[in-house]
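What follows is a single structure, written as structure tokens, with notes after it.
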Amino acid sequence: MRVLAIDLGDRRVGLALSDPMGMIASPAGFVDRRPGKRPPLTALLERATALEADCFVVGLPLDGEGEETPRSAEARRLALELSVRSGKPAHMVDERFTTAAALATVREMGGSTRGRKGDVDALAATKLLQLALQMGIASLPRVEVPSVPSEEPDA
């Protein structure tokens, strides 16, 4: 099962993809986002299709104490929309410190982030996906899609 991880940012949405066995996470680029606008849902769905993703992991931005933030609601809405429109499951994972870990990795490798913010966002999504894979996708909280009541035929 290929898992697409999404690290939602103000200017870019970092992406990472697992291998078909669900063991290895690799950066899968990023999608630009216009500041102040809704997340680029159509572009994300197109990328998910192109990458043959079977499910989603969306980073859940929590504060330092692990409490929900206004950004948490936006991430939950995105996960729900991805699931509804694609028919594929979406899971939420605490994304605290993923960007910091990505920046630390770049620095450890002696690199610079100058002009490479999209790469850093993809690396943050990779850190998020690595965490999700270690935890086991099945154990992650799944975004529940509200069921639509079926209409009963007239008797």
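Please treat every number below as a calculation from the coordinates, not as lab data. Keep in mind that what you see is a predicted model, and the values were worked out from it rather than measured. All Cβ positions, glycine included, derive from the backbone under ideal geometry; neighbour counts span all protein chains shown.
Points to keep in mind about this one:
- One decimal place: the segment Ile24-Arg77 gains 16.4 nm when fully extended, by the rule 0.36 nm per residue minus the C-alpha distance.
- Label-to-label distance for Glu68 and Thr42 is 2.9 nm, based on points extended 7 Å past Cα in the beta-carbon direction.
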